[in-house]
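Novice: This is the structure I have questions about; it appears just below.
Read the figures in this text as sums done on the coordinates, not as results from a lab. Small disclaimer: the values here were computed from a predicted structure and weren't measured. Reconstructed Cβ throughout: ideal geometry from the backbone, glycine too, with neighbour counts over all protein chains shown.
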Amino acid sequence: MRTLAIAFLAAPFCVLAADQPVMENPQVASSKGIFEYMKGTVLKSAEKMPEEKYSYKPIDSVRTYGEVLAHIADAQYEFCGAVKEGKPVMKGIEQSAKTKADITSALNDAFAYCEGVYGGLTDASSAALVPFMGMKLTKLALLSLNTAHLDEHYGNLVTYMRMNAIVPPSSEPRK
């Protein structure tokens, strides 16, 4: 857990290292750096779990491993769609994608959609307010909320992996 905390704290500053020239849009770049870290851990989690375990759930009242991943894919369109289009984009991936291949493909597409949203923002434009779930948030705050949501569900994935004797990506030895 300590390694994960250090990665979260260090990610924005890696983008702004002292030996690098000053970059444009450091706020958006810092936020995107943390998003990229979480995206990577989720994609590695999708790869690590064998297909036959995508239907695993510890109790009947929670999502399966595959459903958690598909929910994450849906959420990328909902959060990033609100930033890009002014309203969440509803894809229904959790209801339609059932195989590991379908879910990982949907995740990759969803993350690419959000990367495009980040790519279209500047620090100035990221301060614009957009409606989301009855609130008005800045675009950058909404993207940060998406990353927090990724982190929340990565925690679910970690538990599922541990219950299946799989080491989560964030616990793997660093090279």
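Novice: So if I place +1 on the C-beta of Lys and Arg and -1 on the C-beta of Asp and Glu, and nothing else carries charge, what would the dipole magnitude of region 37-171 be about its Cα centre? I want it in debye, nearest 20.
Specialist: So the magnitude is around 120 debye.
Novice: Now a separate question. Express in whole angstrom the spacing between the alpha-carbon centres of region 89-108 and region 109-175.
Specialist: Their Cα centres are 17 Å away from one another.
Novice: To continue, here is another question. Applying 1/(1 + (r/R0)^6) with R0 = 35 Å to the Cβ-Cβ distance of residue 55 and residue 133, what FRET efficiency is obtained, to the nearest 0.05?
Specialist: Using R0 = 35 Å, I get an efficiency of 0.70.
Novice: Reachable aspartates and glutamates from residue 39, Cα under 15 Å, same-chain residues fewer than 8 places away excluded?
Specialist: 47, 74, 109, 115, 151, 152
Novice: May I ask you to list the trypsin sites (Lys or Arg not before Pro) in region 59-157 that are in a DSSP loop and have at most 16 other Cβ atoms within 10 Å of their Cβ?
Specialist: Passing sites in region 59-157 are 63, 98.
Novice: Taking the Cβ of each residue in 78, 24, 172 as the centre, tally the other Cβ atoms inside 10 Å and list the residues starting with the fewest.
Specialist: Ascending number of Cβ neighbours within 10 Å: 24, 172, 78.
Novice: Around residue 66, with a cut-off of 15 angstrom between Cβ atoms, what is the net charge of the other residues, counting Lys and Arg +1 and Asp and Glu -1?
Specialist: Local net charge: -1.
Novice: Using +1 at the Cβ of each Lys and Arg and -1 at the Cβ of each Asp and Glu in region 37-171, identify which of 68, 159, 116 lies farthest towards the dipole's positive end.
Specialist: Of 68, 159, 116, it is 159.
Novice: What list of ³J(HN,Hα) couplings, whole Hz, do you get for region 71-84 from phi and the Karplus terms 6.51, -1.76, 1.60, once you set θ to phi - 60° and write x for glycine and proline?
Specialist: Here the 3J(HN,Hα) series is 4, 4, 4, 4, 5, 4, 6, 5, 5, 6, x, 4, 6, 7 Hz.
Novice: Right, here's the next one. Ignoring everything except DSSP H segments at least 4 long, calculate the 222 nm mean residue ellipticity for the chain; use -39,500 (n - 2.57) per segment, divide by total residues, nearest 500.
Specialist: -20500 deg cm²/dmol
Novice: Let me ask something additional. Would you tally the net charge around residue 123, using a Cβ to Cβ cut-off of less than 12 Å, leaving residue 123 out, and scoring K and R as +1, D and E as -1?
Specialist: It works out to a net charge of +1.
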